[in-house]
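Student: Structure below; questions to follow.
What follows is calculated from the coordinates using simple rules that are stated; it is not laboratory data. Quick caveat: nothing in here was measured; it's all calculated off a predicted structure. Here the Cβ positions follow ideal geometry from the backbone for every residue, glycine too, while neighbour counts run over all protein chains shown.
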Amino acid sequence: MTELSGGPSLPQERRIVTAIPGPKSQELLARKTAAVAAGVGTVMPVFAARAGGGVIEDVDGNSLIDFGSGIAVTSVGASAEAVVRRATAQLADFTHTCFMVTPYEGYVAVCEELAALTPGDHPKKSALFNSGAEAVENAVKIARAYTKRQAVVVFDHGYHGRTNLTMALTAKNMPYKHGFGPFAPEVYRVPVAYAYRWPTGPDHCAEEAAAQAIDMITKQVGPDNVAAIIIEPVLGEGGFIEPAPGFLPRIAAFAKDNGIVFVADEIQSGFCRTGQWFASEHENLVPDLITTAKGIAGGLPLAAVTGRAEIMDAAHAGGLGGTYGGNPVACAAALGAIQTMRDLDLNAKAQRIEQIMKTRLTALQDKYDIIGDLRGRGAMIAIELVKSGTKNPNPEATAAVAKACHAAGLLVLTCGTYGNVLRFLPPLVIGEELLNEGLDVLEEAFGQL
């Protein structure tokens, strides 16, 4: 099957013509080492030349199957026709004026789309930013302005960004927080319903985790002091954890009952990634605020906070914004990406990807007992690797499988609080033959363990 979106000149095939990385990538890697700060790491040291559909072509001519989408960014492909066309047209008109100086229609149009697409039929407004961390940080500002409260509640295994405040919101120390403190105050962390690792098992996980979280908030913080509760409907960097069914509605109800702004961080899970426009929809959640980024603009930097109009309007004039927030080229790209999602029904495509991947991965789990858990929704799927016969995390096997996949031309990513989760984020436009070939490579990598 050929790609559903992107440049037709890019063959949708896995093609290995050199070792990975090849000589040109190795030359560029040496230049990177000399010129780029060491703290900027690289998952797979191959330098991209072209990308589209379900493949990335490197500077040595290797064509790699993409199970990463630039960390859930290029859901419509890395060169989607509507994204390229609209962004190119906008580039020719103007690249920047700053929306806070002389506004432009594209920003408004993106906010209108967000109001239409996000859950709930209440009046909504948005503000646009550059990155997911900026969106989360501004959601906190908005919630504090609206409630006149300070405390923020987040969850174990959660990830929300790399700025000072969002590092405080993030659970995992390495590599996100280590050595970078002190962090912003008035942040409180409570348990999440991680069914696979819940001490009493999955059956009562949602009920017990919600009760523990609410008890901790009530005793340690006080609901009247809480401005916002922030959670990813599918926890991303923490391991693609789906909170046990019933947990999120219980937490949302507690927030509503206590005048707390309920914020869904949909930065990784939004825009058709889980088979719905937003992962909140799987449990009929209607968040007060939703933060988005990643998949919103087909690879261009854009982020948003969208929510109830009365909450969004709580910040004073001039209190929200930024020089580049809602850049006109990024807004044009976002309108092209959303058009592509609609035209190609990428929610249905994500559901089909889930069906294929879970069927193949279930068979793999039956064969290899180090696959402790298979989870996820849509094209946001993960397997958690453990030591045989236990639930002890197995980051060594995880790294070995990822390395074998990379050498064979399949880009996969790892994640998880314990570094033992393989996560799969293929572009939603990937062809089924290419998807299955990537799963073949994965299976071969397990066979090499």
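Student: Normalise the Cα radius of gyration of the stretch 211-314 by 2.2 N^0.38 Å (N = residues in it) and let me know the number.
Tutor: That ratio works out to 1.10.
Student: Can you work out the FRET efficiency for the pair H316 and K32, with r the C-beta to C-beta distance and R0 = 45 Å, to the nearest 0.05? Mind showing how you got there, number by number?
Tutor: Values: r = 43 Å, r/R0 = 0.96.
It comes to 0.55.
Student: At 7 Å along Cα-to-Cβ for each site, give me the label-to-label distance between Y188 and Q150 in nm.
Tutor: With each label placed 7 Å out from Cα toward Cβ, I get 1.3 nm.
Student: Can you tell me the FRET efficiency between R162 and K125 if r is taken as the Cβ-Cβ distance and R0 is 35 Å, rounded to the nearest 0.05?
Tutor: Efficiency for this residue pair is about 0.85.
Student: Project the alpha carbons of the stretch 161-214 onto their principal axes and report the range along each, largest first, in whole Å.
Tutor: Dimensions of the stretch 161-214 along the principal axes of its Cα atoms: 38, 22, 14 Å.
Student: Dividing the alpha-carbon radius of gyration of the stretch 1-136 by 2.2 N^0.38 Å (N being the number of residues), what value is obtained?
Tutor: Numbers: Rg = 19.0 Å, N = 136, 2.2 N^0.38 = 14.2 Å.
The value comes to 1.33.
Student: Under a point-charge model restricted to the Cβ atoms of Lys and Arg (+1) and Asp and Glu (-1), what is the dipole moment magnitude of the stretch 320-403 relative to its Cα centre, in debye to the nearest 20?
Tutor: Using only the charged Cβ atoms, the result is roughly 80 debye.
Student: Additional query: Using Cα centres only, tell me the gap between the stretch 108-170 and the stretch 350-426 in whole Å.
Tutor: That distance is 30 Å.
Student: Mind checking the dipole of the stretch 83-343: about its Cα centre, +1 per Lys or Arg Cβ, -1 per Asp or Glu Cβ, Debye to the nearest 20?
Tutor: Using only the charged Cβ atoms, the result is roughly 560 debye.
Student: Rank the residues R342, R423, R31 as a footprinting-exposure proxy: fewest other Cβ atoms within 10 Å of their Cβ go first.
Tutor: Least crowded to most crowded, the residues run R31, R342, R423.
Student: Determine, for D366, D66, D313, the number of other Cβ atoms within 10 Å of each Cβ, and report the residues in order from fewest to most.
Tutor: Ordered by Cβ neighbours within 10 Å, fewest first: D366, D313, D66.
Student: In the chain, what percentage of the DSSP-assigned beta bridges are antiparallel, given to the nearest 5?
Tutor: 65 percent
Student: Nearest 0.05, what FRET efficiency do D215 and E283 give at R0 = 25 Å with Cβ-Cβ as r?
Tutor: With R0 = 25 Å, the Cβ-Cβ based efficiency is 0.70.
Student: Can you compute the helix-only [θ] at 222 nm over the chain? Use -39500 (n - 2.57) per DSSP H run of at least 4 residues, normalise by all residues, nearest 500 deg cm²/dmol.
Tutor: Details: 13 runs with 159 residues, N = 449.
That comes out to -11000 deg cm²/dmol.
Student: Another question about this same structure. Taking the simple approach of a point 7 Å from Cα along Cα-to-Cβ for both E443 and R85, what is their distance in nm?
Tutor: Rounded to a tenth, the inter-label distance reads 3.9 nm.
Student: Would you kindly give the portion of the calculated P(r) for the stretch 169-255 that falls above 19 Å, as a percent of all Cα pairs?
Tutor: 44 percent
Student: Could you put K172, K219, K177, K367 in order, starting from the residue whose Cβ has the fewest other Cβ atoms within 10 Å?
Tutor: Arranged by neighbour count, lowest to highest, K172, K219, K177, K367 become K219, K367, K177, K172.
Student: If you don't mind, there's one more thing I want to ask. Towards the positive end of the charge dipole of the chain, with charges on Cβ (+1 Lys, Arg; -1 Asp, Glu), say which of I65, T323, I229 has the farthest Cα.
Tutor: Highest projection toward the positive end goes to T323.
Student: Quick check on the stretch 83-343: what does the Kirkwood estimate of hydrodynamic radius come out to from the alpha carbon pairs, in Å?
Tutor: About 18.6 Å for the stretch 83-343.
Student: If you don't mind, another one. So what does the Cα-only Debye profile of the chain read at q = 0.09 Å⁻¹, as log10 I(q)/I(0), no solvent term?
Tutor: -0.57
Student: Still on this structure: Quick one: if you stick a label point 7 Å off each Cα along the C-beta vector at H204 and E432, how many nm between them?
Tutor: Roughly 4.4 nm, to one decimal.
Student: Equivalent ellipsoid semi-axes for the stretch 41-99, as square roots of 5 times the alpha carbon gyration tensor eigenvalues: give them largest first, rounded to whole Å.
Tutor: In descending order the semi-axes read 26, 13, 12 Å.
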